[in-house]
Amino acid sequence: MHVIEAAQAGGPDVLQYLERPAPDPGPGQVLVRTEAIGVNFIDTYHRSGVYPMDFPLVPGQEGAGVVTAIGEGVTQVAEGDRVAWASSLTGSYAEQVLVDAAVALPVPDALDTPTAAALALQGMTAQMLVDGVVALEPGQTVLVTAGAGGVGLLLTQLAVAAGARVITTVSTAEKEELSRGAGAWAVIRYTELDDLTTELPARVRELTHGVGVDVAYDGVGKDTFDASLASVRTRGMLVLFGGASGQVPPFDLQRLNRAGSLFVTRPTLAHYIADPEELRFRAGSVFAAARTGALAVRIGARYPLADAAEAHRALEGRTTTGKVLLIP
Ligand SMILES: NC(=O)c1ccc[n+]([C@@H]2O[C@H](COP(=O)([O-])OP(=O)(O)OC[C@H]3O[C@@H](n4cnc5c(N)ncnc54)[C@H](OP(=O)(O)O)[C@@H]3O)[C@@H](O)[C@H]2O)c1
């Protein structure tokens, strides 16, 4: 079978399309023939060395496909079933992937396989952000960075569905249109601001009559963290959920009292789906929302598996919108 493998950490060029023997499922595992593989920003952290990993590395934590073999003791799924996954293990950039049966999510009949792959990780992340990390309430106002990104489009829709007013940031006119389509109440083109750190919070406060947002969801990290913090109302919450622009440097906790007795959290999906019941609840919730049309899933780009490096270049180059998939 073909896989994408990196021999060492580095830029997108380290991602090589290679032949490797197909694995056999061990106890509790299933072997899946992948039909669509999700590309997520975390894959770029793994590849580049931002997060220390063992190499050689087959990146990827997400995908969907058909079960072709089951290991000893597996009863939850059978050969021929369609499943999706968003596990914290890597190895999904491959034509065949071993998945723990405990985290293999049955794909509902009404959902096509690429949509299931597109939703598993970013969908459950968006779901955890509005109904886990915080429980959004009707009438609240939130800020979402990178509103036209994979998480951003889903998070905006789920926050709107929870009754919140959503202010997003985006870099281009095309992304602004997509973000408004997802339900954003106001969109700020942060790349047009001369001084992001002062002008972004000023715009947010203009929009909120000087109060600030109840929750700032920041997945951009280094470049936006200070602006997001300054956009939050007294006793509000900053949810730092990623670092697309780089990691946020060490932080003086005294800043939280000066800024208004704020809360900051740095959640990771793995901790919000570790419990099997919670995993099924979050997956079931986003799959159901997609099936009924309550949640629109935008697949912005599909690349052949062999072109994974190109997909990483596009994601890191800010040219993608919505979900990026690799198709074996
Ligand atoms: N905590 C968790 O469990 C969890 C789970 C999933 C994802 N995440 C995080 O959520 C964030 C979004 O992930 P995603 O996969 O949905 O990616 P994405 O939002 O589709 O892509 C990243 C976006 O970030 C924006 N951005 C701003 N500055 C950037 C820079 N210097 N370089 C690259 N992008 C920049 C770009 O949008 P604009 O052009 O509009 O600025 C870009 O399109 C990432 O930080 C990721 O790590 C966290």
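FYI, it's all coordinate maths here, none of it is from the lab. Predicted, not measured: the structure shown is a model, and the values here were computed from it. In this analysis, Cβ positions are derived from the backbone assuming ideal geometry, glycine residues included, and neighbour counts consider all displayed protein chains.
Quick notes on this one:
- For the chain, adding -39500 (n - 2.57) for each run of n ≥ 4 DSSP H residues and dividing by the number of residues yields -9000 deg cm²/dmol at 222 nm.
- Scanning residues 5 or more positions from Tyr303 or on other chains, those with amide H under 5 Å from its amide H are Leu325, Leu326, Ile327, with H placed 1.01 Å from N in the peptide plane.
- When each of Trp185, Trp85 is scored by the number of other beta-carbon atoms lying within 10 Å, the sequence from fewest to most is Trp185, Trp85.
- Relative contact order (percent, whole number), the chain, Cα cutoff 8 Å, 6+ residue spacing: 18
- To the nearest ten degrees, helix 196-207 and the longest principal axis of the Cα atoms of the chain are 70 degrees apart.
- Alpha-carbon centroids, the range 174-191 and the range 277-328: separation in whole Å: 19
- Net length available on complete extension from Leu253 to Leu193 is 18.9 nm, with 0.36 nm assigned per residue and the Cα-Cα distance removed.
- Order of Thr224, Thr90, Thr265 - criterion: other Cβ atoms within 10 Å of each residue's Cβ, fewest first: Thr265, Thr90, Thr224
- Beta bridge orientation in the range 107-199: antiparallel %, DSSP, nearest 5: 10
- Rounded to the nearest 5, the antiparallel percentage of DSSP beta bridges internal to the range 127-280 is 5%.
- Counting DSSP beta bridges with both ends in the chain, the antiparallel % (nearest 5): 55
- In a fully extended conformation the segment linking Asp275 and Glu137 would gain 47.2 nm over its present Cα-Cα distance, using 0.36 nm per residue.
- Taking Cβ atoms as reference points and 15 Å as the exclusive limit, the residues near Arg33 contribute a net charge of -3, counting Lys and Arg as +1 and Asp and Glu as -1.
- Counted by Cβ distance under 10 Å from Gly71, the other residues give a net charge of -3, where Lys and Arg count +1 and Asp and Glu count -1.
- Separation between Cα centres of the range 230-260 and the range 97-158, rounded to whole Å: 23
- Counted by neighbouring Cβ atoms within 10 Å, the residues Lys323, Lys175 run from fewest to most as Lys175, Lys323.
- Over the range 134-266, relative contact order from alpha-carbon pairs under 8 Å, at least 6 apart, %: 20
- Rounded to the nearest 20 debye, dipole of the chain from Cβ charges on Lys, Arg, Asp, Glu: 880
- Contact order normalised by residue count of the range 17-135, Cα under 8 Å, 6+ apart, percent: 31
- Helix axis angle, 113-130 relative to the chain longest principal axis, alpha carbon, degrees: 40
- Protection proxy ranking, peptides 256-264, 139-147, average beta carbon neighbours within 10 Å, highest first: 139-147, 256-264
- Angle of helix 276-292 to the longest C-alpha principal axis of the chain, folded into 0 to 90 degrees and rounded to 10: 80°.
- As a calculated quantity, the FRET efficiency between Glu177 and Ala110 at R0 = 30 Å, using C-beta atoms, amounts to about 0.60.
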